[in-house]
Amino acid sequence: MNRVVSAAAVLLLCAFVPVIANAADIKMLSPGATQGVLKQLLPQFEQSSGHRVAITYGPAGNIANRVRKGEEVDILITSEPQAERLRKEGKTVDGSQAIVAKVGIGLFVRKGDPKPDVSTAAAFERALATAKVIAYADPKLGGSASILVAGILSKLDVTGSIGARTRLVPPAKPLVDLVAGGGVDFGFQPVAQIFLDPRIEYVGPIPAPYQQYTNYVANLVATSKQPDAYKALLTFLDAPAAAKVWRSQGFEPR
């Protein structure tokens, strides 16, 4: 997967957002899966718009709870279920929600380790049946992908054997560190996150019919005073050149 965006594409992106006279300081929260994309796009948005963005990444449920508890934030990107709950709770501006991209779940191994065949549903089932140890983040942390993985595996684990061979990774031990350290056949996480660490290698996506996607939704937080900056960022993230960046990092732009 090509993860390099050309200078010409960057220049094209800059043309989509006019420089605003009253530049704003924006505080933003976004899931870790979006880090590879936003590290490329946000500096260009700042350059073209004059706005300054301070962003923090975390599990979708965790960052949604930070907004729920009243943290001063302007813009939140989170999973669609979390976005809908926050809208109903009045924590985000009704009507501001916009899907920016979606991402599927992939399998990964330590660099150099054998890669299981997951090209078909039957092959995926065999990989699960023969693996000694599989791993993913503890769903209790609120990560959207780990919640989906837990649901997928629970449907397949009719005998309880998969659960017995599964390691749920707590916050103090990042999933990638565990897999990269050896002793794990493969791990699960959003495809976009797999490409962020050179110690691991992408195996492939969970095949149909088991694959499930996370829609990531941008929201204007109800207490924000920056609606114009939010609209400018949405325009920027929806530009055709931005779509190339989303795709280069394993996402499907809207």
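Exposed (fewer than 15 other Cβ atoms within 10 Å of the Cβ) and in the same structural domain as Asn22 (by TED's automatic domain parsing), is that true of Lys225? Let's see the steps before the verdict.
Working: exposed (fewer than 15 other Cβ atoms within 10 Å of the Cβ): yes; in the same structural domain as Asn22 (by TED's automatic domain parsing): yes.
Spelling it out, Lys225 is indeed exposed (fewer than 15 other Cβ atoms within 10 Å of the Cβ) and in the same structural domain as Asn22 (by TED's automatic domain parsing).
If I filter segment 131-145 down to residues being surrounded by fewer than 23 Cβ atoms within 10 Å (Cβ to Cβ) and over 17 Å from Val179 (Cα atoms), which single residue comes out as farthest from the chain's Cα centre (by Cα)?
Lys140
Among the residues of segment 79-129, write down those that are in contact with a strand residue (DSSP E or B) (Cβ under 6 Å, 6 or more places away or on another chain), farther than 30 Å from Val221 by Cβ and hydrophobic (A, V, I, L, M, F, W, C).
Leu107, Phe108, Val109, Val118
Is there any pair linking a residue in segment 56-74 that is under 23 Å from Ala229 (Cα atoms) to one that is in a strand (DSSP E or B) and basic (Lys, Arg), with Cβ under 7 Å and at least six apart or on different chains, and which?
Listed pairs, sorted by first residue: Glu72/Lys27; Val73/Lys27; Asp74/Lys27.
Scan segment 197-216 and give yes if some residue there is touching a residue at least 40 places away in the same chain (Cβ under 8 Å), closer than 18 Å to Lys91 by Cβ and either within 20 Å of the chain's Cα centre (by Cα) or in a strand (DSSP E or B) (or both), otherwise no.
Looking through segment 197-216, at least one residue is touching a residue at least 40 places away in the same chain (Cβ under 8 Å), closer than 18 Å to Lys91 by Cβ and either within 20 Å of the chain's Cα centre (by Cα) or in a strand (DSSP E or B) (or both).
Across segment 190-222, which residue is nearest to Ile147 (Cα to Cα) among those that are polar (S, T, N, Q) and buried (at least 24 other Cβ atoms within 10 Å of the Cβ)? Break it down stepwise before answering.
From segment 190-222, those polar (S, T, N, Q) are 193, 211-212, 214-215, 219; that's our starting set.
So of that shortlist, the ones also buried (at least 24 other Cβ atoms within 10 Å of the Cβ) come out as 193, 214, 219.
On the way: Gln193: 16, Thr214: 10, Asn219: 21 Å.
So the residue we want is Thr214.
So which residues in segment 165-189 are exposed (fewer than 15 other Cβ atoms within 10 Å of the Cβ) and in contact with a helix residue (DSSP H, G or I) (Cβ under 7 Å, 6 or more places away or on another chain)? Quick ask: steps written out before the conclusion?
Going through segment 165-189, the residues exposed (fewer than 15 other Cβ atoms within 10 Å of the Cβ) turn out to be 170-174, 177, 181-183.
Pro171 - this is the single residue of segment 165-189 that is exposed (fewer than 15 other Cβ atoms within 10 Å of the Cβ) and in contact with a helix residue (DSSP H, G or I) (Cβ under 7 Å, 6 or more places away or on another chain).
Among the residues in segment 151-158, are any in contact with a Leu (Cβ under 8 Å, 6 or more places away or on another chain) and in a helix (DSSP H, G or I)?
yes
Ala192 fails exactly one of the following numbered conditions: (1) assigned to a helix (DSSP H, G or I); (2) closer than 26 Å to Gly95 by Cβ. What is the number of that condition?
It fails just one condition, (2).
Examine segment 148-156 for a residue that is of a type in the set (D, E, K, R) and surrounded by 15 or more Cβ atoms within 10 Å (Cβ to Cβ), and state whether such a residue exists. Walk me through it before giving the result.
First pass over segment 148-156, keeping only residues of a type in the set (D, E, K, R): 155.
So of that shortlist, the ones also surrounded by 15 or more Cβ atoms within 10 Å (Cβ to Cβ) come out as none.
Checked segment 148-156: no residue is of a type in the set (D, E, K, R) and surrounded by 15 or more Cβ atoms within 10 Å (Cβ to Cβ).
Just a yes or no: is a residue in segment 96-115 β-branched (Val, Ile, Thr), touching a helix residue (DSSP H, G or I) at 6+ places or on another chain (Cβ under 7 Å) and more than 20 Å from Gly32 (Cβ to Cβ)?
No, every residue in segment 96-115 fails to be β-branched (Val, Ile, Thr), touching a helix residue (DSSP H, G or I) at 6+ places or on another chain (Cβ under 7 Å) and more than 20 Å from Gly32 (Cβ to Cβ).
Take the conditions surrounded by fewer than 22 Cβ atoms within 10 Å (Cβ to Cβ) and modelled with pLDDT of 95 or more and apply them to Asp94. Does it pass? Give the steps one after another, and end with the answer.
Working: surrounded by fewer than 22 Cβ atoms within 10 Å (Cβ to Cβ): yes; modelled with pLDDT of 95 or more: yes.
The answer is yes for Asp94.
The values are calculated or read from the model by the stated rules, or taken from the named source; none is laboratory data. Every value quoted in this text rests on a predicted model; they were computed, and no experiment measured them. Virtual Cβ from ideal backbone geometry, glycine too; neighbours counted across all protein chains shown.
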